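One structure is given here, and the rest of the page talks about it.
The values are calculated or read from the model by the stated rules, or taken from the named source; none is laboratory data. No experiment lies behind these values; they were computed from the predicted model shown. Here the Cβ positions follow ideal geometry from the backbone for every residue, glycine too, while neighbour counts run over all protein chains shown. Note: areas computed on protein heavy atoms with side chains; ligands, DNA, RNA excluded. Shrake-Rupley method; radii C 1.70, N 1.55, O 1.52, S 1.80 Å.
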Amino acid sequence: MPPDFVRESATAGLLSAFGVVIIFCIAALVARFVISTAIRHRRRVAEKSLDVQVLSAVSGPLVLFLLILGLMLAYQALASVDDPAFEILADNREWAFRIWLVIVAIEVSYLGSHVLQALMVWYLENIAERTATNLDEKLLPQVRRVTPIVVYSLGILMALDLVGISITPLVAGLGLGGLAVALALQPTLSNFFSGTYLITEGDLNEGDFVELDGGPAGFVVDVGWRSTKVRDRFNNLIMIPNSKMIDSIMTNYYSQTKLMTVIVACGVSYESDLKRVEEVVLEVANGVREDVEEAVDDFEPMIRFTDFGESNIDFVAVLQADDRAASFVVRHELIKRLHDRFNTEGIEINYPVRRVVMPSEVVTE
């Protein structure tokens, strides 16, 4: 409450209001100077420390709050002056107080949004890189985008409630409106939540080689919130909606380990010495394992005869490659060397053969 001499004199009231504004402007400048000095001092010690981020976020909202507080107190000082010129201010004091509450609510939202964003930026720059998963690196940028909308929405609802406006019908209306928007954006939301599932599960990461059942195959470039980008073997970038990724049967060749088993099917004629065939195949496979950089050194090659085929006795030769791309190199080299060695050893791989048996005599009447 201002003193009596201020309330009784219009000039004194104006001077006091002006003085209040000046004092709070100076306080805002001092606060800004103190915070800036503290930030510069802390940056010499640690450039990306948490207190630097928080102080930087608090600086702007605090200065703005002091300026607005000075204007509000100046208004109250003028509204208390017993002079006809200021009667309109006194009559609207209640409205001014409500406006002040709205401004405070918005200011608190402004401060909360800045602080939360500063905390998330600090976490991304200092902690996220050292975690075992990249989930936080994918999740927090999206949360940062949504945070201001959520915080300011809550601030507006709180401001309306403070000034006596019932927010229950508004919340109900927003609920119905949100339901209508959700129905209209169902495909987009389906992709969004599917992307959330893919990211949070952690079973699909950048660099994995995946193949969709009846769909494309390639290396994962990025797992986004709406689509997953895959680069195929022709170096084309394919964008697959996340809902399709979830609904399809997908094989991740890099899940758990990048190592990939290479199985080459072949067959030799029935006249072949199977013991010698086994020795030759193992020698060739061991040579590929030792000579080809993409082959896994500690995997023991195998050969297994599998079936009595129509023209050959079928078998499979098994090696292991470093990853999906390396498997093509290992398979190529194994087939090439087996073909050359079989030719050298005289081991025959038959073409499909059909034996036609004709009767020795034709019976006629």
Exercise. In the range 219-276, which chymotrypsin sites (Phe, Trp or Tyr not before Pro) fall in coil by DSSP and have 14 or fewer other Cβ atoms within 10 Å?
Worked result: 234, 270
Exercise. Using a simple charge model, +1 on the beta-carbon of Lys and Arg, -1 on the beta-carbon of Asp and Glu, nothing else, what dipole does the range 194-338 show about its Cα centre, in debye to the nearest 20?
Worked result: 560
Seminar exercise, completed: FRET efficiency for residue 97 and residue 160 from the Cβ-Cβ distance with R0 = 22 Å, rounded to 0.05, comes out at 0.90
Exercise. Between residue 318 and residue 119, what length comes free when the chain is fully extended (0.36 nm per residue of separation minus the Cα-Cα distance, one decimal in nm)?
Worked result: 66.4 nm
For this session: Tell me the label-point distance for the pair residue 18, residue 233, using the 7 Å Cα-to-Cβ offset, in nm and rounded to one decimal.
Result: 8.4
Exercise. What percentage of the solvent-accessible surface of the range 213-273, computed with a 1.4 Å probe over protein heavy atoms, is contributed by carbon and sulfur atoms?
Worked result: 52
For this session: Counting only heavy atoms of the protein chains, get the accessible area per residue of the range 261-353 (1.4 Å probe) and round it to a whole Å² value.
Result: 57
For this session: Can you tell me how much longer the chain between residue 343 and residue 144 gets when fully stretched, taken as 0.36 nm per residue apart minus their C-alpha distance, in nm with one decimal?
Result: 65.1 nm
Seminar exercise, completed: On the formula 1/(1 + (r/R0)^6), with r taken between the Cβ atoms of residue 50 and residue 205 and R0 of 41 Å, the FRET efficiency rounded to 0.05 is 0.90
Problem set entry | Segment residue 275-residue 213, length gained on full extension (0.36 nm per residue, minus Cα span) | 18.4 nm
